[in-house]
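Shown next, in structure tokens, is the structure this report addresses.
The values are calculated or read from the model by the stated rules, or taken from the named source; none is laboratory data. Note that this is a predicted model, so its numbers are computed, not measured. Neighbour counts run over all protein chains shown; Cβ positions are idealised from the backbone, glycine included. Keep in mind that these areas ignore ligands, DNA and RNA; they rest on the heavy atoms of the full protein, side chains included. Shrake-Rupley method; radii C 1.70, N 1.55, O 1.52, S 1.80 Å.
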Amino acid sequence: MTFPTGSIIGFNNAVSTTEVGGITADTWVTTGLSVSITPKKSNSKIYVLATWGVAINNPGHFAYKVVRTGPTSQDLAIQAAYTSVGWAGGTHSYSAIDTPSSTSECTYTVYIYVDQNTSNFMWNYDSRFNSTANLMVMEIQQ
């Protein structure tokens, strides 16, 4: 069966309820949220979509990226923001398109970064509910 261009021909997702805090400045830290997919076609694109909650107090710059490992390692898009006063929080999201050019398994992992030492940056945090971070990958037919 042949699927038309733009069809989703593969999907996988992962969830995490683990909170990450106390991040050291100027270091990319893994969140532990990771998902794998094995592309069916070597020319497919992989759409990466993630959501999570954060609570941040005066971190300066903070950023997120996804790293693909297998068959080679590749940093996907870095998405960053800045806040200098008070608390910033709520739901954050991330998206990127990857072209692994392979039919070997690819693993995608979410990383976070802050530019100051802070115990006031909490990824996947919600004081009232059990937060759930989501990471989804979809193989798109080309």
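Near Gly70, once Lys and Arg are set to +1 and Asp and Glu to -1 for all other residues with Cβ below 15 Å from its Cβ, the sum equals -3. Within the accessible area of the range 1-95, the carbon and sulfur atoms contribute 52%, probe 1.4 Å, all protein chains present.
Using all pairs of distinct alpha-carbon atoms, the Kirkwood hydrodynamic radius of the range 31-80 works out to 13.4 angstrom.
When only the Cβ of Lys, Arg, Asp and Glu is charged (+1, +1, -1, -1), the dipole of the chain relative to its Cα centre reaches about 320 debye. Only one residue of Ser42, Ala14, Asn57 has its Cα farthest out toward the positive end of the dipole of the chain, where Lys and Arg carry +1 and Asp and Glu -1 on Cβ, and that residue is Ser42.
For semi-axes √(5λ) of the Cα gyration tensor in Å, the value calculated from this model appears in [x] 23, 20, 14; [y] 29, 18, 14; [z] 31, 15, 12 under label [z]. Which aspartates and glutamates, on any chain, are close to Lys40 with Cα under 13 Å apart, when same-chain ones fewer than 8 places away are left out? Partners within reach: Glu105, Glu139.
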